[in-house]
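Notes for the one structure printed next.
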Amino acid sequence: MNHQPVEGFSKLSKQRKIDWLISEYLSNDRSYEQILQQYWNNDAPLQKMHDEFSENTISNFYMPYGIAPNFLIDGKLLALPMAVEESSVVAAASKAAKFWIDKGGFKTTIINTEKLGHTHFIFKTEAHKLLHFFNFKLKKKLLEATEDITKNMRNRGGGILNIKLIDKTSELEDYFQLKASFDTVDSMGANFINSCLEQFGKTLKEEVANEESFSQEEKDSLQIVMNILSNYTPDCIVRAEVSCNIEDLKDDSGISNEEFAWKFKRAVTIAEIEPYRATTHNKGIMNGVDAVVIATGNDFRATEACAHAYAARNGKYSSLTHCTTDNGIFRFWIDLPISVGVVGGLTNLHPLVKFSLALLGKPSAQELMSILAVSGLAQNFGALRSLVTTGIQKGHMKMHLFNILNQFSATEEEKQHFVTYFKDKTVSHHEVISELEKLRNK
């Protein structure tokens, strides 16, 4: 079937959008309309609010919203909200939290909260000449020009921390940056940072045009390429860690505490040196981080991009977590660069986001950074604990069992049969289907 482009799709009503999709792509099968409508919220104002979160909305895409209890973080006992569809993520985090609760729990340290943005520009001039202009005139003008934008943020204790001129001409001809650092306090700060940067671009153009030390040819060469925040924030970073005497590890897998500590440390070391393993290792960390990021209305794409860029900061992709077993002490920690907010955006709008933040005791942005780092560390601990003892599939497939059974419309009675059947067996897709056929043939 040859599909035709559509004009003015965004201007169509929700119903007309659906009608067009069913007609154009779904062979006029109206059963798809029912699928979409069953996920609409019966509360009309609430549905309208969801419709306005994004463009061309035709339904809601639900994800499971679960709770991981028993997290002792810096002396506070918390239950973490997690929005995630992957089997065993919440279970692994909960199990890790319970493991560490009687060993002092998780400790966190905010290392820095600096966020970054750049005005990227092309300027055909000598670098030393531009640097002199920046140091003795432009920097002051940039700060003055953004005073109205930064006033409220400064009143809350944040604002522009510093502005630097960066010479990138060795990598791209005539390319320079204004690199600015910001403290956005409890907001993620994207709109604030971008507004400041756009003003930087305007002020740069105005000041260059009025600067007598530049020739007209130099002035005409100035091009503001873009003004945009960076989601790579290596100086907005939090550390989360756990530690205990090796003799107190008390793993229940049947191996000694010393062997568990040795196997665990070796698994982390492999992730530190082998990018193929590090990618999956860090993905597991982000299972925990992203689930809480989504539940608290923050941007999981930004946290992902930042974490993976940081993991490759030394020129080779490596583990975000680290482990030592020195002097009889097991220590496991993560340094996570992460930029999040607890005001603005969805945090003031989405009812479940409000619930999540209330559940966490209405944390500050720094406290949420700590919670997210702990969630990632716990998830990684749970995964590695399984990998070096029973193997990852035993626990994961048991969690996945109900997904398989639901695919075959299993009854509650059949589900209970399989819970008992796999009590001492490893779940496999093939085994589930085979046993289900036998059960139904009886």
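Summary of computed values
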read-out: Full-stretch length increase - residue 74, residue 414 - with 0.36 nm per residue and alpha-carbon distance subtracted; value: 118.0 nm
read-out: Estimated FRET transfer efficiency when R0 is 60 angstrom, pair residue 402-residue 235 (beta carbons, to 0.05); value: 0.85
read-out: Under Karplus coefficients 6.51, -1.76 and 1.60, residue-wise ³J(HN,Hα) of region 196-209 in Hz, glycine/proline x; value: 4, 5, 5, 5, 4, x, 5, 5, 4, 5, 5, 5, 5, 4
read-out: Size of charge dipole - region 1-62 - debye, nearest 20, with Cβ of Lys, Arg +1 and Asp, Glu -1, no other charges; value: 80
read-out: Listed pairs 151/179; 98/316; 141/202; 137/164; 129/202 exceeding 22 Å between Cα atoms; value: 98/316
read-out: Between 0 and 90°, nearest 10: helix 14-25 axis offset from the chain longest Cα axis; value: 70
read-out: Where labels lie 7 Å past Cα in the beta-carbon direction, separation of residue 212 and residue 352 in nm; value: 6.4
read-out: Helix-only [θ]222 nm of the chain, DSSP H runs n ≥ 4, -39500 (n - 2.57) each, per residue, nearest 500; value: -15000 deg cm²/dmol
read-out: Packing-based ranking, highest mean first, of 71-81, 93-103 given that Cβ atoms within 10 Å are counted; value: 93-103, 71-81
read-out: Gap separating the Cα centres of region 46-85 and region 143-208, nearest whole Å; value: 32
read-out: Debye, to nearest 20: dipole size of region 395-441, +1 on Lys, Arg Cβ, -1 on Asp, Glu Cβ; value: 100
read-out: In sequence order, calculated HN-Hα J values of region 45-55 (Karplus, 6.51, -1.76, 1.60; Hz; x Gly/Pro); value: x, 5, 5, 4, 4, 5, 4, 8, 5, 9, 9
read-out: Whichever lysines have a C-alpha closer than 24 Å to that of residue 442, once near sequence neighbours (fewer than 8 apart) are set aside; value: 415, 423, 425
read-out: Approximate spin-label separation residue 179-residue 279, in nm, with each point projected 7 Å along Cα-to-Cβ; value: 2.8
read-out: Integer Hz, Karplus 6.51/-1.76/1.60 couplings in order for region 406-416, x for Gly and Pro; value: 5, 4, 10, 6, 5, 7, 4, 5, 5, 4, 5
read-out: Distant-in-sequence amide H partners of residue 329 (H built 1.01 Å from N, under 5 Å); value: 246
read-out: Selection from 31, 214, 238 lying farthest towards where the dipole of the chain points positive, charges on Cβ; value: 238
read-out: Cα-centre dipole for the chain with unit charges at Cβ (Lys and Arg positive, Asp and Glu negative), debye to 20; value: 760
read-out: Volume per residue that the Cα convex hull of the chain spans, once the total is divided by residue count, Å³; value: 222
read-out: Distant-in-sequence amide H partners of residue 230 (H built 1.01 Å from N, under 5 Å); value: 116, 117, 118
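None of the figures in this text is laboratory data; all of them are computed from the coordinates on show. Everything numeric here is computed off the predicted structure, so don't read it as measured data. Glycine gets a Cβ as well: all are built from the backbone with ideal geometry, and neighbour counts include every protein chain shown.
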